[in-house]
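Report on the structure given below.
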Amino acid sequence: MSDRPDAKELLEIAREALANELLPFLPPDKRLAGLMVSSALAMAARGLAATMPPLPDVVIADIRDGRHDSDKVLYEALLAEAKARALISNPKDVDD
Amino acid sequence: MELSGPAAVASLSRWLIGGLGARSVSIRRIDRLGGGAIQENYALDADVSGGTHAGAQKLVLRTDAPSGVAVSHSRAQEYALLQAAQAAGVTVPQPLALCSDKAIIGRPFYVMKRVAGTAAGHILVRDDRWKGDRVALADQLGRELAKIHTIRPPRGDLDFLPLPKQPPAREAISGYRAWLDTYRTPRPALEWGLRWLERHAPATADLVLSHRDFRTGNYMVDAQGLTGILDWEFAGWGDWHEDIGWFCSRCWRFGANTREAGGIGSRSDFIAGYEKRSGRRVDAEQVRYWETMAHARWATIAIQQGERHVSGSEPSLDLALTGRRVAELEYQLLRMTGS
C-alpha cells in the first residue's frame, strides 16, 4: 500500500506546476533547462506506470557469430522490449 | 584558469597580439557560449590595432572542456582540419590563430572568426525566421559536403588521421563492439543491429575526408542561409556515403521526420546538391546502410554520454537525458534491420 498521491501522481503534479507556474517566468537562457526538467519528470512518471516486457536471455557472442541471424522470435522480443523503453523515453518517436 | 578572470584576459590579450599579427589587442568581452559537451566555446569581442585583422573583431575561442570524449581530436588537429576545409572552399568560420601553449589560458585553444546565426537544431527545424529558403539550404549543404569530400588521402597536413585498416564500415563495427565489451551491461538490441551491419557491410570504399558529425546542430544558419560548418573534432578518412547517411538519418531530424535531410529540407534537394558539386551518383541503398549505421553509432555515443552522468564523474541533466535516448535509437535500429 502507498499513500496518495503516489509517486507517479506527484511527478505529474510537479510537472504541471513547472509548466504553469515556473516555465513562463524563466529567462530565455534558462528555458531549455526548464524544458529538460519537465521532460525528465514526464519520463519518470511514464516509467513508473509502465509494465516492461522481459529482455530476452541471449548470449551476445552468439549474436555476433551469426547464430541468431534468422531468429525471428529473438528479433520480435528485442523489438518489443526496445519499443517499451522508447515509449517511456520518447513516445512521440514511436510509430505503429 | 577561469577565462573571464583578469589574469587570463591580460594573458590572452598579449598572446593575441602575436597570434593576429597586431600592434595591440583590447578584449572587450568574453562570454561562454552554450552547447558543446566536449569543447568549450567563448564569444570574444576585441579591438585590434594594426595588421591584417585591424578593427573591431567578433571571434570565437574554442578550447577543451574539462572532460572530453577520448575519440575526439586535439584543438591543434581540429585547427588543421578547419584550415584544410577552408582551403577546399568549404564555408567555415575563418581560422585565425592556434595556441598550443598551456601557459596562456591553462588549455590549448584556437581563435576563429565568429559567424552569424544559430546552430540550434530544434530552432532550425521549426522556426521560420531561420529557414531562409529550405530548398536552397538543402542544396547548399549537399554542395558543402561534396567540397569536404574533395579532401582525400594522403595529406601531409592531416597525417594525424589514421587510414582505416579494413573497410570503414567494418572498422566502425569493430570499434563499437570493442567498447561494448568494456561496458557493464549487455546491449542485445544494439548487438543485433551491429550484426546486421556486419552482414551488409560494403566491401570497399572510396576514401574521403568524412566530417563524421555533419548534421543539423553543427552548422550555422541566419535568415539568408548557411554561414558556417562547425565541429570538426570527429573528422577522419572514411566512406563518402557515411556523412550523407548521418545527415539524413531519422535520429538527426529533431522530430521533423518528413524533412528527411536533417529536418530542414528534402532528401532529393540535398542529394542533388551533392551530386552536382561532386559529379558522383549517390546510391540510395548505400545511404540507407549508413543511416542504419548512424543509429548504431549514435546509440553507442548516447550510452557513453549517459554514463558520464551515471558514473558520477559529471552529473548533468543534459547527459542523463541523452543516455535515455538509447531506447529510441535501438528501437529504430531494430526496425531498420528486421531482415
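For segment B:184-195, what are the residues that are within 11 Å of chain A (Cβ to nearest Cβ) and open to solvent by 30 Å² or more (accessible area, probe 1.4 Å)?
The answer is B:THR185, B:PRO186, B:ARG187, B:ARG195.
Would you tally the residues in segment B:21-36 being touching a Ser or Thr at 6+ places or on another chain (Cβ under 8 Å) and either in a loop (DSSP other than H, G, I, E, B) or over 28 Å from B:GLU233 (Cβ atoms) (or both)?
Of the residues in segment B:21-36, 5 are touching a Ser or Thr at 6+ places or on another chain (Cβ under 8 Å) and either in a loop (DSSP other than H, G, I, E, B) or over 28 Å from B:GLU233 (Cβ atoms) (or both).
Scanning for something within 13 Å of another protein chain (Cβ to nearest Cβ) and in contact with a Gly (Cβ under 7 Å, 6 or more places away or on another chain), does segment B:121-130 turn up at least one residue?
yes
From the set of residues in segment B:308-321 that are touching a residue at least 60 places away in the same chain (Cβ under 8 Å) and in a helix (DSSP H, G or I), which is least open to solvent (accessible area, probe 1.4 Å)?
The extreme case among them is B:LEU319.
Looking at this structure, is B:ARG212 modelled with pLDDT of 95 or more and on the phi > 0 side of the Ramachandran plot?
When the stated conditions are applied, B:ARG212 passes them.
Give the number of residues within segment A:65-81 that are more than 7 Å from every other protein chain (Cβ to nearest Cβ) and in contact with a helix residue (DSSP H, G or I) (Cβ under 6 Å, 6 or more places away or on another chain).
1
I'm trying to understand the selection: among the residues of segment B:197-229, which are within 14 Å of another protein chain (Cβ to nearest Cβ), assigned to a loop (DSSP other than H, G, I, E, B) and open to solvent by less than 40 Å² (accessible area, probe 1.4 Å)?
B:ALA201, B:GLY217 - these are the residues of segment B:197-229 that are within 14 Å of another protein chain (Cβ to nearest Cβ), assigned to a loop (DSSP other than H, G, I, E, B) and open to solvent by less than 40 Å² (accessible area, probe 1.4 Å).
Among A:ASP6, A:ASP29, A:ASP93, A:ASP62, which is out of contact with any helix residue (DSSP H, G or I) (no Cβ under 6 Å at 6 or more places or on another chain), closer than 30 Å to B:ILE173 by Cα and either among the acidic types (Asp, Glu) or within 14 Å of chain B (Cβ to nearest Cβ) (or both)?
It is A:ASP62.
Just to check your reading of the model, which residue among B:TRP179, B:TRP192 is among the aromatic types (Phe, Trp, Tyr) and farther than 25 Å from B:GLU78 by Cβ?
Matching residue, one of B:TRP179, B:TRP192: B:TRP192.
Give me a count of the residues in segment B:292-302 that are within 14 Å of chain A (Cβ to nearest Cβ) and open to solvent by 10 Å² or more (accessible area, probe 1.4 Å).
1
Going by what's in this entry, would B:TYR289 be described as aromatic (Phe, Trp, Tyr), within 9 Å of chain A (Cβ to nearest Cβ) and either crowded, with 20+ Cβ neighbours inside 10 Å or farther than 25 Å from B:PHE270 by Cα (or both)?
No: the conditions fail for B:TYR289.
Mind telling me which of the residues B:GLY265, B:GLY306, B:GLY255, B:GLY273 ends up being at pLDDT below 95 and at negative phi?
Residue meeting the stated conditions: B:GLY265.
Identify the residue in segment A:38-59 that is open to solvent by 40 Å² or more (accessible area, probe 1.4 Å) and hydroxyl-bearing (Ser, Thr, Tyr) and, among all such residues, is farthest from the other protein chains (Cβ to nearest Cβ).
Looking at residues that are open to solvent by 40 Å² or more (accessible area, probe 1.4 Å) and hydroxyl-bearing (Ser, Thr, Tyr), I get A:THR51.
Please determine whether any residue of segment A:82-90 is under 11 Å from B:TRP192 (Cβ atoms), open to solvent by 30 Å² or more (accessible area, probe 1.4 Å) and within 8 Å of another protein chain (Cβ to nearest Cβ).
no
Give me a count of the residues in segment B:163-174 that are open to solvent by less than 60 Å² (accessible area, probe 1.4 Å) and more than 14 Å from chain A (Cβ to nearest Cβ).
Matching residues across segment B:163-174 total 5.
Taking the options B:GLN57, B:GLN94, name whichever one is of a type in the set (S, T, N, Q) and touching a residue at least 40 places away in the same chain (Cβ under 8 Å).
The unique qualifying residue is B:GLN57.
The values are calculated or read from the model by the stated rules, or taken from the named source; none is laboratory data. All values reported here derive from a predicted model rather than from experimental measurement. We place every Cβ from the backbone using ideal geometry, glycine too, and count neighbours over all the protein chains shown. Only protein heavy atoms, including side chains, enter the accessible area calculation; ligands, DNA and RNA are left aside. Shrake-Rupley method; radii C 1.70, N 1.55, O 1.52, S 1.80 Å.
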